[in-house]
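Scroll down for the structure; my scribbles are underneath it.
Values in this text are rule-based calculations from the coordinates and carry no lab data. All figures in this text were calculated on a predicted structure; none of them were measured in a lab. Because the Cβ atoms are built from the backbone with ideal geometry, glycine has one as well, and the counts that use them run over all protein chains shown.
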Amino acid sequence: MSNVALPDIAKATAPPERDYYAGFIGWLRRMETDPGAMARLRRSLSRDSDSFPVEAAKYVEPFLAPGCSEGQRRAMYLVAGLYARSPKPSTRSFAQAMAKVYRDAGETDSVEKRFITVMASDEGEIAERLRHAMALIASKDLGVDFAQLCRDLVTLMDPVKHGSIELTEG
C-alpha cells in the first residue's frame, strides 16, 4: 500500500495549466519513497497503449483533472511509467537530451535515427519508441524535463490540442 498522500483532485482544474504538469511530476517525485508504487508504474509501460493499467491507476487517476481527454490520460500514464523507470529530472527537453547524447556519441547515425523515429511516431507507436529513447538517455546519466515531456505528449496525443511541441534543441 502506498504511503503517499493522494492529491486533492478538487484543486485540479481543466484545462490544465503549465503548473499542473509540474505538480504531477512533483507528485511522482514524492512516490519515489514507495518502491512498490514505482515498480507498478514501471510495469505499466509494458501494457498495451490502448488500455490503462489497473495497477498504475491509483497513482495516476487521482491527479487527472475532471473531464480530461483520453490523450491527456494516455500521456500522463506514459510519463508516470517513464518517470518511474528513470526518475532523473532535468531542465532539458527530450530533444535537448537526445541532442546531447548525439553529440557525446560522436554524432552517430543511430542516435539521430532513433530521435527521428520517435518524432515520426503516431499515437500507437510513441510509447514503445519513447521508452527506448528514454532508456538511451538514462544510460548516459541524463534526465529530461518530465513536465515539458508531459505537455508535449498531451499535445501530440490529443487531436483537439495539436499545437506547438517543443522539439527544438534550443
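Under the simplified labelling scheme, the T108-S121 pair shows an inter-label distance of 2.0 nm, with each label point 7 Å from Cα along Cα→Cβ. Charged side chains reduced to their Cβ positions (Lys and Arg at +1, Asp and Glu at -1) give the stretch 41-129 a dipole of some 460 debye around its Cα centre.
Amide H contacts for V144 (H built 1.01 Å from N in the peptide plane; partners 5 or more residues away or on another chain; cut-off under 5 Å): K88, S90.
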